[in-house]
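One structure is given below, encoded as structure tokens.
We did not get these values from a lab; they are worked out from the coordinates using the rules stated. All figures in this text were calculated on a predicted structure; none of them were measured in a lab. Cβ sites come from the backbone with ideal geometry, for glycine too, and all protein chains shown count toward neighbours.
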Amino acid sequence: MLRRYLLTVLAVLAMASCSGAGDYVLLSGYAQGGTYAVKYNSAGVRTRPEKMQAAVDTLLREIDFTLSGYNKASLLSRLNSGETITPNKMLCDVYDISYRFYVESEGAMDVASGPLFDIWGFGFKEGSLPPRTAVDSVMASCGMERLKARMEDAIRPDGTLCASDLLINPDGTAPILNFNAIAQGYSCDVIAEFLHSHGVHDMLVDIGEIFCEGVNPKGNPWNVGVDSPKDGNNTPGADMEGVWHSDGQGPQGIVTSGNYRKFYVVDGVKYSHTIDPRIGEPVHHSLLSATVVAPDATTADAVATWCMVLGVSEAQSLLSRLGLQGCLIYDDGGSNAVWKTDYFNFD
């Protein structure tokens with residue numbers, strides 16, 4: 001699920017022991033095509049860091065086994081390939097959440113648009129600049145409106161499921177799902193829930209997207225850098241637009257979606273990985289990146305993508321309507337311009 005690493009954590013922590021108040025532990029490793037870092041205050045936590053590390057690694061492997069479209073052995077890949085699978089709770093949860101956002105966004109967020117991402121070259125298959133006829137053809141097999149609202153309602157009595165079971169009309173084309181718009185945010189929330197179950201209150205979970213709560217080792221709110229959305233800025237932290245400060249309480253998910261790291265240019269026209277499933281094409285507006293803060297990283301991830309589909313003006317209205325903090329960076333005559341909500345703590 002390699003996607004985007006647009007947020008840079010500024011706090012640098014050393015490994016600490018698990019005894020005594022204010023002792024912070026760093027867990028790290030590889031996951032989802034990149035690295036992850038989990039930092040938490042171990043005061044009052046009885047489980048040793050080695051066991052916490054092992055448990056986090058196990059959870060991340062389960063997420064990869066369930067939701068990754070790049071892991072050909074995952075439940076998602078097998079479902080998309082036409083196999084009959086036994087879905088787990090995680091797959092059902094992510095599908096159900098995705099359907100809710102599909103309805104709320106009126107189709108701007110559509111995980112059943114996997115074929116569109118594939119033919120444009122931003123999915124799980126090779127593709128590039130398809131003709132409109134090909135776009136129209138695959139759009140006929142996209143759209144969650146063709147599918148049942150809950151995956152649980154499609155599961156057979158023996159607990160198994162194939163993609164066609166999700167169809168409302170059984171004669172339709174089986175869907176191909178792509179959960180990239182929320183998978184990393186969801187991963188952060190899964191790890192945060194695990195830490196909560198062990199009594200952790202101060203934490204930062206960074207899996208490309210970020211969940212944070214409480215304070216950092218200095219007793220201050222967490223600081224997260226937002227990269228400048230310039231084409232070619234592929235190194236997180238190398239060129240930042242500014243720094244966001246958490247409220248020191250939480251919980252808060254913070255996610256940035258942008259169009260400056262995954263794109264291609266043909267005949268002078270830029271085609272980005274943000275595709276508007278309502279029209280079947282990459283967006284061509286001035287919004288370069290959207291950073292969203294929400295009570296959980298799954299929501300922040302989904303809404304950040306939703307903003308990128310809409311463009312500046314509609315994204316501003318969306319954040320206001322949802323009552324979420326956010327920051328939009330857009331092109332203004334060749335220079336970056338920044339718009340942010342009133343309570344987005346950014347400098």
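For this structure, a couple of remarks:
- Nearest-0.05 FRET efficiency for N88 and Q53, computed from C-beta distance (R0 30 Å): 0.85
- Low-density loop positions, chymotrypsin sites (Phe, Trp or Tyr not before Pro), segment 248-347 - DSSP coil, at most 13 other Cβ in 10 Å: Y343
- Within segment 75-128, the trypsin sites (Lys or Arg not before Pro) that combine a DSSP coil assignment with at most 16 other C-beta atoms in a 10 angstrom radius are K125.
- Summarised as an ellipsoid, segment 148-229 has semi-axes of 39, 18, 7 Å, derived from the eigenvalues of the Cα gyration tensor scaled by 5 and square-rooted, with the largest first.
- Longest to shortest principal axis, alpha-carbon extents of the chain, angstrom: 62, 58, 34
- Difference of contour (0.36 nm per residue) and Cα-Cα distance, R278 to S317: 12.1 nm
- With a Förster radius of 51 Å applied to the beta-carbon distance between E106 and S28, the computed FRET efficiency rounds to 0.80.
- For the residues S141, S289, S197, a GNM of the chain with alpha-carbon springs under 10 Å puts the largest fluctuation on S197.
- Contact order normalised by residue count of the chain, Cα under 8 Å, 6+ apart, percent: 17 percent
- Distance between segment 175-215 and segment 84-101 - C-alpha centres, whole angstrom: 17 Å
- Sum of side-chain charges, A108 neighbourhood, beta-carbon under 10 Å (Lys, Arg +1; Asp, Glu -1): -4
- Put simply, the amide H of I210, placed in the peptide plane, has neighbours under 5 Å in I254, leaving out anything fewer than 5 places away on its chain.
- Amide H within-cut-off set for G250, under 5 Å, with H built and near neighbours excluded: G214
- Among the GluC sites (Glu not before Pro) in segment 111-202, those placed in a DSSP loop whose Cβ has at most 13 other Cβ atoms within 10 Å are E126.
- Segment 36-189: mean projected area of Cα convex hull, nm²: 11.4 nm²
- Of K39/K89; K39/K148; K218/K340; K51/K89; K51/K148, pairs whose Cα-Cα distance is over 29 Å: K39/K148; K51/K148
- In Å, descending, principal axis extents of the Cα set of segment 63-130: 36, 31, 19
- Dipole in debye (nearest 20) - the chain, about Cα centre, beta carbon charges: Lys, Arg +1; Asp, Glu -1: 540 debye
- Gain upon complete extension [D171, M240; 0.36 nm per residue less C-alpha separation]: 19.8 nm
- Here the Karplus relation 6.51 cos²θ - 1.76 cosθ + 1.60, evaluated at θ = phi - 60°, turns the backbone of segment 200-210 into coupling constants of 7, 10, 9, 7, 9, 10, 10, 10, x, 9, 9 Hz, with x for every Gly and Pro.
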